[in-house]
Every structure is written in structure tokens, then in C-alpha cells.
Amino acid sequence: MEKLNTKSLYELYIQESGSNLDEQYFESLLLYFPCLVVASCDGIIDDEEWVYVRYLAKFMAERHKDAKKPKELEFLKNTYFRELQFLAMSINDWKDHFIQVLRDYLDEHDWLKDDIEDILEAFADASDGISPEEEEALNYLREELQI
């Protein structure tokens, strides 16, 4: 696997997915991609987990609320949800790339590690506690991302 950086992953993602996500918003997709790894760890994302994916899209969009009008923020939330759907359906194609780039990104932005670990645990615990599969996914992500 070719070693990617954030920009080259973005370019590959846009080319392969057909997405029109602006590069300035890709960082949020990168940062919260591990939530999809947890949500899909049992092979499916059930209805309840999709509710949390919708919340995640809203959370990601609201990271940009200072620069957006309410109508634009709603559009960004819907865009993030579509991107998360695409990634969830093709998680095995993107997982290694996103995790490798995120690991390198977190090496340079160490202060984000606690936030990512917190949201991963909240995501895993969202439905009926943390399952053995989710615990395994969390351990994998902690090791891979060095959090």
C-alpha cells in the first residue's frame, strides 16, 4: 500500500467516490472515520447505529458553524451523511488508507487523540453497552492510532 498523506488521500477519495466534498471539510471525515469502523465491526450497521451516524454528520458539520449560514450548515450535514454512507458501504476499501493517514495526522496533532478516543467510546456504548466486537474494534483503533 502506497503511503498517503491527507491531501493525497483526499484526492484519491474524490477520484474514487465521485464526491464533491471540499478539501477544507475532508479533515472532519478523516478524524471521525474510526466511528464507522466501530459501527460496522459486526458486519452491519443497524438502524440504531445509522441514527448515531446521522448525529455524527451533524456534529461534523457543526465544527464549521462559525463559517456557515444555517442553510449551508444543513447542506454540509447532509453532505457528510452521504459521505459517511459511502464509506460505511465500502469500509474495507478505505479502512487501511484512512487509518494510516489518521495515525500520521495524529502524530502531528497529538491534542486530538483524547477527543477521538472519547467519541469512539461514546459511539461504541451508544447501543446496549460495548459488545465484544466493538471492544475488539476499539482495541484495534487504539493500537493503530496510538491513542
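For this structure, a couple of remarks:
- Accessible-area ranking of CYS35, CYS41, largest first, probe 1.4 Å: CYS41, CYS35
- For the stretch 64-118, the Cα-based Rg and Dmax, in that order, read 14.2, 35 Å.
- Residue-by-residue Karplus 3J(HN,Hα) for the stretch 77-84, coefficients 6.51, -1.76, 1.60, Hz, glycine and proline x: 4, 5, 5, 4, 4, 4, 5, 5
- The C-alpha atoms of the chain occupy a region whose extents along the principal axes are 40, 35, 29 Å, arranged from largest to smallest.
- Between ASN139 and GLU48, the C-beta separation translates, for a Förster distance of 22 Å, into a calculated FRET efficiency of about 0.45.
- Base-10 log of normalised Debye intensity for the stretch 25-85 (one unit scatterer per alpha-carbon) at q = 0.13, 0.18, 0.24, 0.27 Å⁻¹: -0.32, -0.59, -0.95, -1.13
- In this structure the amide hydrogen of LEU4, modeled in the peptide plane, comes within under 5 Å of no amide hydrogen from residues 5 or more places off or on another chain.
- In the structure shown, the pairs LYS3/LYS113; LYS77/LYS113; LYS3/LYS71; LYS65/LYS95 are assessed against 30 Å; a Cα-Cα span above that value is assigned to LYS3/LYS71.
- Applied to the stretch 128-141, the Karplus parametrisation 6.51 cos²θ - 1.76 cosθ + 1.60 on θ = phi - 60° returns per-residue 3J(HN,Hα) values of 6, x, 8, 6, x, 5, 5, 4, 5, 5, 4, 4, 4, 5 Hz, with x for Gly and Pro.
- Which of TRP111, TRP50 is most accessible, then next, and so on - probe 1.4 Å: TRP111, TRP50
- The chain - percent relative contact order, Cα under 8 Å, separation 6 or more: 35 percent
- Solvent exposure of ILE14, expressed as accessible area, is near 40 Å², computed with a probe of 1.4 Å over the protein chains only.
- For the stretch 48-58, Karplus couplings with θ = phi - 60° (6.51, -1.76, 1.60), whole Hz, Gly/Pro x: 5, 5, 5, 4, 6, 5, 4, 4, 4, 4, 5
- MET89 - accessible surface, heavy atoms, 1.4 Å probe, Å² rounded to 10: 150 Å²
- Using the Cβ-Cβ distance between LEU112 and LYS71 with R0 set to 22 Å, the FRET efficiency works out to roughly 0.15.
- Taking all protein chains together, LEU29, LEU73 sort by accessible area into LEU73, LEU29, largest first [probe 1.4 Å].
- For the stretch 28-147: accessible area per residue (Å², 1.4 Å): 54 Å²
The values are calculated or read from the model by the stated rules, or taken from the named source; none is laboratory data. Quantities reported herein were computed from a predicted structural model and do not represent experimental measurements. A quick note on method: Cβ atoms are made from the backbone with ideal geometry, for glycine too, and the neighbour counts reach across all protein chains shown. Ligands, DNA and RNA are excluded from the accessible area calculation, which covers all protein heavy atoms including side chains. Shrake-Rupley method; radii C 1.70, N 1.55, O 1.52, S 1.80 Å.
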